[in-house]
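Worksheet: the structure to be examined is printed underneath.
The values are calculated or read from the model by the stated rules, or taken from the named source; none is laboratory data. Worth saying up front: this structure is predicted, and the values here are computed from it rather than measured. FYI the Cβ positions are ideal-geometry reconstructions off the backbone, even for glycines, and counts take in every protein chain you see.
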Amino acid sequence: MAVKNYLQLSFFFISFILFSQEKAFTSFNIPEALSEGANAVVRLDETHIVLEKIDAMQVLQKCIITVLNKSGDGSVNAYVHYDDNVKIKALEATIYNKVGAVIKKIKEKNFKDVSAVDGGTLYSDSRVKYLDYTPSDYPYTIEFVCEILTSNTAFIPSFMPIDEYFVSVEESKYSLTYPENITVRKKEKNLEGLGFEKQENSGLISYSIKNLKAYKPEDFCPSLVDIAPRVLVASKQFSLEGVQAEVEDWNGFGRWMYNDLLFDTVDLPASTISKVQELVKNETSDIEKAKKIYQYVQDKVRYISVQVGIGGWKPFKASKVDELGYGDCKGLTNYTMALLKAVGVESNYCVIYAGKSQRNMEPDFALMQGNHVILSIPTEEDAVWLECTSQELPFGFIGDFTDDRDVLVVTSEGGEIKHTKKYNTQENTQYLKGDYIINADGSINAEVQIVSKGIQYDDKYGVKTLSERDLDVYYKDRWGYLNTISINKIEVENDKTDISLTEHISFYVPNYTKKAGDIMLLTVNALNRNSHIPDKYKERNYPIKVKRGFVDEDEVKITLPEGYLVEALPEKVSIENKFGSYQIEFVVKDEGVIYKRKLIMNDGEFPKEDYNDFRDFYIDISKYDNAKIALVKNTTKN
């Protein structure tokens, strides 16, 4: 390491020690504004990175965090990942009580050392050492010190002073030094108005901030990653598991992935090629061929995490997956791509952030991103997206795990950011048709058929795989407002061609109505009632984010008990605004009432100033969904 870097590191340690002595690790000098709404307070988080050369990086982290209550225990984050290419040079922690006295000192050998992956992983050389400490009193403070050396420079830590809710920051510092022959790129996000200080010289980038209040989640707000401050950092020249690259944009990044990670993995034995070519020989379109290949993959292989290869980024060879019958998301996607190639169908390997939060790849900043891979098949219209790890999902359906977000599509020509399938409001439907009979004792017997599509299908298709006992629990939870419900029959049909789920359920509810003499009080909506009302805020901080719209349409026949009449039917209700619409109506027919309901919730982002109106819409829906009518015993004599 250069003398310049040694001097900087020495200053780093000295400044940290001075800070520690000044603060004395007590809990009493935390500013009140930082304690408000916080479960923990980061007193100091200081990260210094030395990018020595294209294949050598040193990362030093020192963090002092005061945990205010039990909910803050999980915010300590005193851990470090390591493997054959990440060496731990220093690791220790010190625990202080609320007056700053040392409770315990923990050396590296006393940290827990476990595999860094869960039980679903077949093999991984990645491990993690973490602090396992159970406090006896609150507040307490932990000082965590860690230093690592790594030859992998593809992942330069970002500056993220806030990475979770209910944690405030007293001071956060970040610096990166690098040699002149390396080009470092950065992207700032959500820094406006937060009082950051930054320095940018030749070979140095640094940021610091003080007194950052805790972020608190709000109903229907954007994801934390979209609102919290951070600075993304990447080196144009980097090394990953000994493979060096020079990348400046997504086109170059995709080209590097194709040439260095994928090019030699799309191999298959001749027997398998012959088998799949025979399988699709009667199909004339690429999509019909792809459907048969997708089903072939679902029938033949299963998902299991296999984190080996270049930092967990290089997939197993297709021939190996073919032999073993299992693979992780990379391996199974690559295997499907190889099979499609064998039958003449073009497809592309895609890197994505999976999860319901709809996190995007940064479209204008290329760096190692993503936590999942899927496959896309280009067509003259929209691309067909395939989730290759599921044995249950229909062909071309990706659901809320990877829908509506930017993804890196890797081709032989390079990489390109594209957007995955967005399921619009009118596609996310639930059609309910049912009837229930009100018995003389106030109980009801109900029969209901529910057909779900789009994201509403995605929410429910898994019920097909549940055991009888789990199904009973599931439906009792789903109709939780019917406290004493007894499920009599459950039939579920999963139509993968139409991509729809049909549920047939019958159930019995005792004492559903309230009786008082000759009057029976009935809550009309027994089968699809909304009771959620978003929280009320004295001051809304974030815009409203409705990630996915939907349509619910219900028609229910209600058979009255013998000898009862409806005292008065409610008026028809119709509400329409920017957030959606809601209609209900009642029609007397034969010996009962037909109840019709339609709710449309629009997706989109709305200004925070609209929140009260948005919440009022939910209040109205809940009010009318819980509306009651009186049934009166007919005492008129013939």
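So that you can scan it fast, the table gives a plain yes or no per residue for (1) in a strand (DSSP E or B); (2) in contact with a Phe, Trp or Tyr (Cβ under 9 Å, 6 or more places away or on another chain); (3) at pLDDT below 95:
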| site | (1), (2), (3) |
| --- | --- |
| G37 | no, yes, yes |
| R43 | yes, yes, no |
| V50 | yes, yes, no |
| L60 | yes, yes, no |
| C63 | yes, yes, no |
| S71 | no, yes, no |
| N77 | no, yes, yes |
| Y138 | no, no, no |
Failed item, numbered, when V321 is tested on (1) touching a residue at least 40 places away in the same chain (Cβ under 8 Å); (2) more than 30 Å from D364 (Cα to Cα); (3) hydrophobic (A, V, I, L, M, F, W, C): (1)
Which condition does W479 not pass, out of (1) surrounded by fewer than 16 Cβ atoms within 10 Å (Cβ to Cβ); (2) touching a residue at least 12 places away in the same chain (Cβ under 8 Å); (3) outside the structural domain of Q430 (by TED's automatic domain parsing), if it passes all the others? (1)
Considering only region 525-548, state which residues are closer than 16 Å to I621 by Cβ, surrounded by 14 or more Cβ atoms within 10 Å (Cβ to Cβ) and touching a helix residue (DSSP H, G or I) at 6+ places or on another chain (Cβ under 7 Å). N525, R529, N530, I533, P534, I544
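Which of the residues spanning region 372-411 are of a type in the set (S, T, N, Q) and either within 18 Å of Y335 (Cα to Cα) or in contact (Cβ under 8 Å) with a residue 60 or more places away in the chain (or both)?
Taking region 372-411 and keeping what is of a type in the set (S, T, N, Q), we get 376, 379, 389-391, 402, 411.
S376, T379, T389, S390, Q391, T411 - these are the residues of region 372-411 that are of a type in the set (S, T, N, Q) and either within 18 Å of Y335 (Cα to Cα) or in contact (Cβ under 8 Å) with a residue 60 or more places away in the chain (or both).
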Would you confirm, using the coordinates I've provided, whether K464 is outside the structural domain of K433 (by TED's automatic domain parsing), touching a Leu at 6+ places or on another chain (Cβ under 8 Å), surrounded by fewer than 17 Cβ atoms within 10 Å (Cβ to Cβ) and among the basic types (K, R)? yes
Region 50-79 residues that are free of Cβ contacts under 8 Å to residues at least 60 places away in the same chain, paired with ones that are in a strand (DSSP E or B) (beta carbon under 7 Å, 6 or more apart): Y79/V128; Y79/K129; Y79/Y130
Index of the failed condition, E392 passing every other in (1) out of contact with any Leu (no Cβ under 8 Å at 6 or more places or on another chain); (2) within 18 Å of C350 (Cα to Cα): (2)
Mind listing whichever residues of region 210-235 are farther than 30 Å from F606 by Cα and either surrounded by 20 or more Cβ atoms within 10 Å (Cβ to Cβ) or at pLDDT below 95 (or both)? V233, A234, S235
How about region 316-370: which of its residues are touching an Asp or Glu at 6+ places or on another chain (Cβ under 6 Å), surrounded by fewer than 22 Cβ atoms within 10 Å (Cβ to Cβ) and in a helix (DSSP H, G or I)? S319
Condition (residue is within 16 Å of the chain's Cα centre (by Cα) and either farther than 30 Å from R597 by Cα or at pLDDT 95 or above (or both)) applied to region 408-420: is it met by at least one residue? yes
Going through region 567-589 in order, the residues found to be within 19 Å of A526 (Cβ to Cβ) and either modelled with pLDDT under 95 or more than 44 Å from the chain's Cα centre (by Cα) (or both) are E567, L569, P570, F586, V587, V588, K589
